[in-house]
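Reading through the C-alpha cells given below for one structure.
What follows is calculated from the coordinates using simple rules that are stated; it is not laboratory data. Because the structure is predicted, anything quoted here is derived from the model rather than measured. Because the Cβ atoms are built from the backbone with ideal geometry, glycine has one as well, and the counts that use them run over all protein chains shown.
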2 protein chains.
Amino acid sequence: MSKAASPIYRRLALVGCGMIGSSVARSARARGAVGEIAVFDASETVRARVAELGIADQVCHSAAAAVEGADLVLFAAPPLSIAPAAQAVAAALAPGATVTDVGSVKTAVSEGLSLLGREDVFIVPGHPIAGAETSGPDAGREGLFENRWTILTPREEGAGRDYLEAVERLADFWRALGANVDFMDPRHHDLVLAVTSHLPHLIAYNIVGTAADLEAVTRSEVIKYSAGGFRDFTRIAASDPIMWRDVFLANKDAVLEILGRFTEDLQALSRAIRWGEGDKLQDLFTRTREIRRGVIDAGQETPEPDFGRHHDRG
Amino acid sequence: MSKAASPIYRRLALVGCGMIGSSVARSARARGAVGEIAVFDASETVRARVAELGIADQVCHSAAAAVEGADLVLFAAPPLSIAPAAQAVAAALAPGATVTDVGSVKTAVSEGLSLLGREDVFIVPGHPIAGAETSGPDAGREGLFENRWTILTPREEGAGRDYLEAVERLADFWRALGANVDFMDPRHHDLVLAVTSHLPHLIAYNIVGTAADLEAVTRSEVIKYSAGGFRDFTRIAASDPIMWRDVFLANKDAVLEILGRFTEDLQALSRAIRWGEGDKLQDLFTRTREIRRGVIDAGQETPEPDFGRHHDRG
C-alpha cells in the first residue's frame with residue numbers, strides 16, 4: 001500500500017455507506033486518495049454508526065448536503081436505488097463533478113444515470129469486483145479492493161476530451177485504492193458478471209433453500225454435516241438480500257440466458273450419472289481443476305487448501 | 001488435543017494413503033490412538049512418498065502384508081475401490097479385526113463389504129465428514145477431523161455383543177482423533193450426504209464447466225472477475241476426479257432424487273426473476289441467511305467474513 005502523492009479528488013461524497021461504501025471510505029482515507037469525505041446514508045442508524053466509526057469527515061443529513069462541492073460523487077447503494085438517488089440530487093451536483101457508482105449491474109444503472117439532465121457533470125458508472133457476505137458499515141475494511149478488478153463502463157459515443165480525462169481520473173482513484181481497472185461495454189459487463197457472480201449467487205441461494213425445505217433430511221442434519229461441501233454455499237447465500245434482489249431484477253436477461261446454459265449442462269450431467277457414464281464425469285471433473293489453478297495463478301484466490309480456514313474449531 | 005491414555009488399537013492397517021488416509025495416519029499417531037501404523041497404497045509413487053514423509057511405521061508392498069496382524073483395517077480409497085480391495089485381502093485379515101472405511105457413499109460400500117465371507121471379523125463402515133480440495137499424502141494434516149462428524153453405519157440385524165463392542169471401540173478411535181461420532185442407517189447416510197456434499201459438488205463442477213465453455217465470455221474474463229462469487233465454486237470443483245466419479249456412480253439414486261428437488265426449486269426461482277417477483281426473491285435470500293448462522297453456531301464453519309481469506313494478494 002502506498003499513499004497517493006496528492007489527493008486525486010478534493011471532496012468525495014459517498015451516498016450509501018454499507019459494506020462497500022465504508023470500504024471505499026476507509027481505503028480512500030488510508031491511501032490519501034481524497035481530501036475529505038462526506039457521507040450520506042438513507043438509514044439514520046447507519047449514519048450514526050458511520051459517525052461513531054469516524055471513517056468520514058462529515059456525516060450529512062441529506063444527500064444534497066453531501067454532494068455539495070464534491071468533485072467525486074459515488075453512489076454505493078443497491079442497484080435499483082442508484083438512479084433514483086442520483087435524480088434526487090441532480091440539481092445539487094457541482095459543475096464538473098464525476099458521478100459514479102459501485103452497482104453490480106451496469107446496463108440498467110447506466111440508463112438510469114443518463115437521465116440526470118446535467119450536461120456539465122461526467123457520468124462514469126463503475127463496479128468493483130470485491131465484497132464479502134457481511135453487510136453494513138462495520139463490515140467494510142481497508143484493503144478490500146487490493147488486487148481486485150474494478151470495471152468502468154464509460155459512455156462510448158460523443159465522449160470529448162474532458163470526459164476521457166474524467167474517466168482516467170476515476171481509474172486513478174481506483175488504482176490508488178489498490179484495484180486493477182478495466183473498461184467495458186455495460187452489456188458485456190452484465191453478461192460477464194452474470195457468469196462470475198450472479199449465477200453463483202443464484203445457485204447458492206437455491207441449494208441452501210432446497211436443503212432447508214427437505215422433509216427426509218432435517219435442517220439439523222444439513223447443518224451438522226455441512227462440512228462435506230454445503231457450508232461453502234451458505235457463505236454466498238448469506239449475502240445482502242435487498243442488494244441481490246435488485247441484481248436479479250436489474251440483470252434479468254443476462255442471468256436467465258446464463259442460467260439456461262447452466263441448466264442444459266446440468267441435464268447432460270444428470271443423464272451421465274443416470275447411465276453410469278463414468279468417463280464423462282471424470283473428464284469434466286478433471287477439466288474444472290484447471291480453472292481453479294487459473295484463478296489462483298491470477299491472484300484472485302488464496303492458494304491455501306480449504307480457503308485457509310482452520311479456524312473453525314467449535 | 002489430548003493423547004489417549006493407551007492405544008485403542010495395537011496395529012492400524014491403512015489401505016490407501018491419499019489426503020484422508022494420510023490425515024488418519026498423522027492424527028492417529030499424534031494422539032496415540034494406535035500402537036503402530038502399516039500402510040499400503042496401490043500407487044508406488046504414493047508408497048514412496050509415505051515412506052519419505054515418515055507418517056507410517058511400515059510401508060508394505062502388498063495390502064495383505066499391511067493387514068497382517070492388524071486389529072483395525074481401514075480402507076481409504078475411492079468408493080468403488082473399497083469392496084474389491086477388501087475382497088483381495090479377505091483371507092489375510094486377522095480374526096477379530098475391525099474392518100472399516102472412509103467412503104463418502106455407504107449403501108454400496110456396505111453391500112460390497114458384506115460379501116467378504118469372514119464371519120470372524122467386524123465390518124463397521126464409516127465416513128468422516130472432513131476434507132479439502134487437495135489430494136495425495138502430502139495434502140493430509142493432523143487435526144483434519146477435529147470437531148468434524150464421523151458417521152458410522154454398523155449393521156443392525158444380528159449384531160451380537162462382540163459386534164457392538166467393536167462398534168464402540170471404533171467410535172472411540174474417531175473420538176481420539178477429535179471427531180464427534182454419529183450412527184446412521186446407510187441409506188439415510190447416503191441421502192443426507194447427497195444434500196450436504198454430493199449435490200454441492202455436482203453443482204460446483206457443473207457451473208465451472210458451464211463458465212469454461214461459454215463463447216460470449218472468455219475463460220480469461222471468468223478467471224479475472226471470479227472474486228464476485230465464482231471462485232468459491234472452483235475450490236470444490238478442484239476435488240479429486242476419480243473419487244467424485246465414484247461417488248456419483250455409487251450414490252446415483254439419492255443424488256438424482258435431491259437433484260430433482262434442486263431443479264424444481266431453481267425453475268421456480270427462475271420464474272420469479274422472469275416475472276419480476278422481488279418479494280419472493282427477497283424472502284428466500286433472507287431465509288438462507290439463517291442457515292449460515294446455524295452452520296457457524298454449530299462450529300462447522302469459521303465465523304470470519306469471506307472464510308477469513310485475506311491472503312489472496314497477487
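Some points to look at:
- Proximal charge balance of A:Ala92 [Cβ under 11 Å; K/R count +1, D/E count -1]: 0
- Residue and whole-Å distance for the chain A Cβ lying nearest the axis of the A-onto-B rotation are A:Phe307, 2.
- Interchain or long-range residues, amide H under 5 Å from B:Asp101's placed H: B:Phe75, B:Gly126
- For chain A, the longest site-free run once GluC sites (Glu not before Pro) in DSSP loop states with at most 10 other Cβ atoms within 10 Å are removed: A:1-118
- Counted by Cβ distance under 13 Å from B:Val50, the other residues give a net charge of -1, where Lys and Arg count +1 and Asp and Glu count -1.
- Shown is the FRET efficiency for A:Arg155 and B:Ser43, computed with R0 = 56 Å from the Cβ-Cβ distance and rounded to the nearest 0.05: 0.45.
- Alpha-carbon centroids, region A:62-115 and region B:150-199: separation in whole Å: 58 Å
- Note on chain B: with charges restricted to the Cβ of Lys and Arg (+1) and Asp and Glu (-1), its dipole about the Cα centre is near 580 debye.
- If you run the Gaussian network model on chain B, springs between alpha carbon atoms under 10 Å, then out of B:Val195, B:Val39, B:Val217 the most flexible one is B:Val217.
- Point-to-point label distance, B:Asp172-B:Asp213, nm (Cα→Cβ direction, 7 Å offset): 5.2 nm
- Between this copy and the others, label points of A:Gln58 are 8.0 nm apart in ascending order, each placed 7 angstrom from Cα in the Cβ direction.
- Peptide A:236-243 shows a mean partner chain C-beta count of 6 within 10 Å per residue C-beta.
- Counted over region A:9-184, the DSSP beta bridges are approximately 10% antiparallel.
- Less than 5 angstrom separates the built amide H of B:Glu36 from those of B:Arg11, B:Leu12, all sequence-distant by 5 or more or on a different chain.
- Global geometry of region A:1-131, whether rounded, prolate or oblate, following the gyration tensor of its Cα atoms and the 1.5 cut on a/c: rounded
- Near B:Arg141, the amide H atoms lying under 5 Å from its own belong to B:Ser23; only residues 5 or more places off or on other chains count, and H is placed 1.01 Å from N.
- Listed residue pairs exceeding 23 Å between alpha carbons, taken from A:Lys224/B:Lys224; B:Lys224/B:Lys252; A:Lys280/B:Lys224; A:Lys224/B:Lys280; A:Lys106/B:Lys224; A:Lys252/A:Lys280: A:Lys224/B:Lys224; B:Lys224/B:Lys252; A:Lys280/B:Lys224; A:Lys224/B:Lys280; A:Lys252/A:Lys280
- Region B:188-301: C-alpha gyration tensor shape, a/c 1.5 cut-off, then a/b vs b/c: rounded
- For B:Ala216, the label point sits 7 Å beyond Cα toward Cβ; its separations from the matching points on the remaining copies run 3.7 nm, from shortest to longest.
- Region A:75-185: C-alpha gyration tensor shape, a/c 1.5 cut-off, then a/b vs b/c: oblate
- Ascending distances from the A:Ala90 label point to its copies in the other chains, with the point 7 Å along the Cα-to-beta-carbon line: 8.2 nm.
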